[in-house]
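**Q** The structure follows.
The values are calculated or read from the model by the stated rules, or taken from the named source; none is laboratory data. Since we're looking at a predicted model, the values are computed, not measured. Note that each Cβ is placed from the backbone with ideal geometry, even for glycine, and that neighbours are counted across all protein chains shown. Just the protein is used for accessible areas: all its heavy atoms, side chains included, with ligands, DNA and RNA removed. Shrake-Rupley method; radii C 1.70, N 1.55, O 1.52, S 1.80 Å.
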Amino acid sequence: MDYLFLVLYVSMNSSQFIFSSLYNRRQKNADPYLCTLLIGATVLLFYAIYGQFRFSYDDTTLLYGLLFGGAYCIGYIFQIKALKVGSVSLTSLLLSYSLLVPILFGVIYYHDSVGVPFWIGLGLLLVALFLVNYNPADKSASSTDKKQKILWLVFAMLSFCGNALCIICSTMQQKLTGGGHRFEFMTYAMAVVIIVNLTLTLINNRKTGATLPSLKRGWWCAVILGLLNGATNLCYMVLAANGTIPVALLNSINSAGSLLLAFLLARFIFKEKLRPLQLVGFIIGVCSVVLFTL
């Protein structure tokens, strides 16, 4: 049964990139704040049902829940923006490196030790980043193409930071509370997500008028994203609690499997193609992410 959960975990994790990109493709000026708002509301309902609406107050959970909510906003809003101007494969690769920050945080704050595979993975990361971003044709590229590439990198890095902070906040909350208050943690977090993105949606709608068209054409993508996000986290909690699959192996399979599946789905659904150097960089990147988790 645990291996079935693992297959579901990997599949749902990679599918989130596809539905985020699909939301953008439903209309020209898709509203990222509306999407994140609907995702937050869906995740909140998901965990309310999972927690059977039982609620107990805890100071630590409130603090880290609010921090997680802010980081979640940054992670998802800019993931959607990055996928609007960049490819699914390269965005998913760059965002997968967000696990590097919690690892380094663990080394500094928890005094965790890292082995040789980590440093090899770090070296491969630098090679991968160079290969996926290097393009000899950039010298003759138009200013529009150059601007789009810079925008993609900025958006992806902001999402990277948001994802990394989410992992750090959730890990610290679980460590400090002994694995408790999961429903309360997500309630505080998603309350922040809903309030922030409702405000941003209203402001954005005044400027662009994109909210209603985005709601009509993309609401179902956002709801599916919320369900996938909630279920992905639940699968991880179940697998980690059961302990049948070692955490290192779980993370390695998820890292490699999610990246490869996202690449294949983007190739067949959106017809995305990587340049030869980007493809080599992507493969090296998958190897580096796996090494980080060993």
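**Q** Per DSSP H run of at least 4 residues, take -39500 (n - 2.57); add these up for the chain, divide by its residues and hand me the 222 nm value, nearest 500 deg cm²/dmol.
**A** -28500 deg cm²/dmol
**Q** Let me ask something else about it. When only Cα pairs under 8 Å and 6 or more residues apart are kept, what is the percent relative contact order across the chain?
**A** 44 percent
**Q** If you don't mind, another one. Report, in order of residue number, the helices in the chain meeting two criteria: a C-alpha extent of 15 Å or more along the helix axis, and a mean Kyte-Doolittle hydropathy of at least 1.6; treat each whole DSSP H run as one helix.
**A** Helices meeting the span and hydropathy rule in the chain are 32-50, 116-133, 247-269, 276-292.
**Q** Send over a whole-number figure in Å² for the accessible area per residue of the chain, probe 1.4 Å.
**A** I get 49 Å² per residue for this part.
**Q** How large is Rg/Rh for the chain, to two decimals, with Cα atoms and a Kirkwood Rh?
**A** 0.96
**Q** Beyond 25 Å between alpha-carbons counts as too far, so tell me which of Lys207/Lys273; Lys207/Lys271; Lys28/Lys149; Lys146/Lys216 fall in that bin.
**A** Cα-Cα > 25 Å for Lys207/Lys273; Lys207/Lys271; Lys146/Lys216; rest within.
**Q** Please give me, ordered by residue number, the trypsin sites (Lys or Arg not before Pro) of region 195-275 that lie in loop per DSSP and have at most 12 other Cβ atoms within 10 Å.
**A** Of the trypsin sites (Lys or Arg not before Pro), the ones in loops of region 195-275 whose Cβ has at most 12 other Cβ atoms within 10 Å are Lys271, Lys273.
**Q** At most 16 other Cβ atoms within 10 Å plus a DSSP loop assignment makes a site exposed; report the longest stretch of the chain without any exposed chymotrypsin sites (Phe, Trp or Tyr not before Pro).
**A** 135-269
**Q** Taking Lys147 as the anchor, which aspartates and glutamates have their alpha carbon closer than 15 Å to its alpha carbon, excluding any fewer than eight residues away along the same chain?
**A** Candidates past the 8-residue exclusion: Asp138.
**Q** Let me ask you something else. I'd like to know how region 1-129 sits against the 2.2 N^0.38 Å rule of thumb: what's its Cα Rg over that expected value?
**A** Scaled against compact globular proteins, the figure is 1.27.
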